[in-house]
Every structure is written in C-alpha cells, then in structure tokens.
1. Do any trypsin sites (Lys or Arg not before Pro) in segment 68-123 lie in a loop, going by DSSP, with at most 10 other beta-carbon atoms within 10 Å of their beta carbon, and if so which?
2. As I understand it, the value is the acute angle between the Cα axis of helix 240-249 and the longest principal axis of the Cα atoms of the chain; what does it come to in degrees, rounded to 10?
3. Could you state the number of Å between the C-alpha centres of segment 206-235 and segment 1-67?
4. Counting only helical runs of four or more DSSP H residues, what would the 222 nm mean residue ellipticity of the chain come to if each run contributes -39,500 (n - 2.57) and the total is spread over all its residues?
5. What does segment 130-200 give for Rg and for Dmax, in Å, if only its C-alpha atoms count?
6. Under 13 Å between alpha carbons, and skipping anything fewer than 8 positions from Lys139 in its own chain: which aspartates and glutamates qualify?
7. Only Cα pairs within less than 10 Å get springs; with that Gaussian network setup on the chain, which residue of Val114, Val134, Val85 has the largest fluctuation?
8. Working from Cα positions, state the angle (0 to 90°, nearest 10) between the long axis of helix 149-161 and the longest principal axis of the chain.
Amino acid sequence: MSEKKEPIIQVRNVHKQFHTLHGTVHALRGVSMDVMPGEVVLIVGPSGSGKSTLLRCINRLEAVDSGEIIVDGIPLKGARNINKVRAEVGMVFQQFNLFPDRTALDNIILAQRVVRKRSKAEAEEKARYLLAKVGIPEKADVYPGQLSGGQQQRVAIARALAMDPKIMLFDEPTSALDPEMIKEVLDVMLELAREGMTMVVVSHEMGFAKAAADRAVFMDAGQIVEEAPPEILFENPSHERTKLFLSKIL
C-alpha cells in the first residue's frame, strides 16, 4: 500500500453520451467512484451498463462530457496530461490487440522503446523478465497467430506491465477465451493483486472476485447501483436490480 491516503483514481459525477444513428446513448449518468492505492475493484453489470465506457474514460480513450476524473493527482482535462496519465495506467482489452507481425518479445519491447525511451537491451531484458512472470518465457520468439488465446492475453498483460504502470485496467480480459485458458490469465491477475497493484477489473469471474477483489461494484444503465465487498454483493445484495442480474449469472 502507498503511504498516500487519498484515492489514486477519483471519478466525480461523470456523464458520457454517444450519438448513434438510432439516437443518443447515455452511457454514463453521473458516475462517482474512488479507488485507493493497492485496491482491487471489480465492476459487474449487464451488457451496455457503462462498465467498459468507464474504464475507457479513466484511461482517456474516451473524453467525458461533464464531470471530472483525476488519476494519481493528474486531472484528465488537459491534453498535456493525457500521455502522462496513460504512462501510469496499463490497459488490457477483451481482444488482445497484439501486433500480428511481431513476436511476443517484440510486442512487449515496442512501447518501452517509444514511450519509456528505453535502450533495446533494457527493453528486451524487461520483456523477457515479464514473459517469465506471466508463465511463458519459452514463447518469446513466437508470433501471436501461433499462440493460444490465453497465451496471447498473457503477452498483452506483460506488454502493459512493461510500462511500469501504477494502475491496471482490465476490460473483460477472459471473455474471449476458452474455459481452460481462463484460469491461466486469472492466475496472473491474482498474482498482481497479491503484489499490491491497483486494479479495476470489468469481469464476471466470481472466483477471481472472491479471491482478489476488495470491492465489487454493480452498474446498470450508466449508473452505479450498489457497491460492497464481493462476498456481500454476491451473496446478500440489497438492490432488487442487483439480485435480478446475479440470479442470471451465478
């Protein structure tokens, strides 16, 4: 845990709308949330509830319409701050987003060279260390197309970790995986949680929630409906809407 007592992520009354051919989608409706350093927060909710949009706003992949997000003391308003914040925040997506024409090792080296300005030797050393950390050191010279989904996702996690982020955001990291590959990705995430990484995870993996999450947040229709420790939210939710959702996935 950091000695700082203020939240590392502050979300204040955030609204976000998307304008589509079919009208306006109010994806976030006045969302407020704090995440403390070292905390693991799990976000659950039905499709279209705003979970992924919230993550994308925290990483400034989407700009908010109103409200404020402050990450590690840096407000996301100014354009100057965006790259500073992105260097602090690693993001892992549902689809692995690896460069298909680069090996696993090169996928992890690239951003270190460009963003962190590391030497080739330093970046490669870091990449090999992280491939070992996520359990696939022997896959360094293999291209993404020759890796299983679970292995590709572990390369994607290693790539995010290579930037030495203070915060990791995971957007349904196991939803595109076959069941037998889910555990290998969750094991890496559990280890990160044990090491004290601040994590915000959009996922319906209840085992991970109970093992690693400090808090579970239920979102619906662009709002936070309820939040509590996972064992309380999943076993004794107080809102009818939460109960209905959990009855379908548990």
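1. Those satisfying the criteria are Lys117.
2. Once rounded, one gets 40 degrees.
3. 15 Å
4. After summing the helix terms and dividing by the residues of the chain, the value is -11500 deg cm²/dmol.
5. So, for segment 130-200, Rg and Dmax equal 11.7, 32 Å respectively.
6. Filter leaves Asp106.
7. Val114
8. Relative to the chain, helix 149-161 is tipped by roughly 90 degrees.
A short reminder: the numbers here are calculations on the coordinates, not readings from a lab. Keep in mind it's a predicted model, so treat the numbers as computed, not measured. Cβ atoms come from the backbone with ideal geometry, glycine included; neighbour counts cover every protein chain shown.
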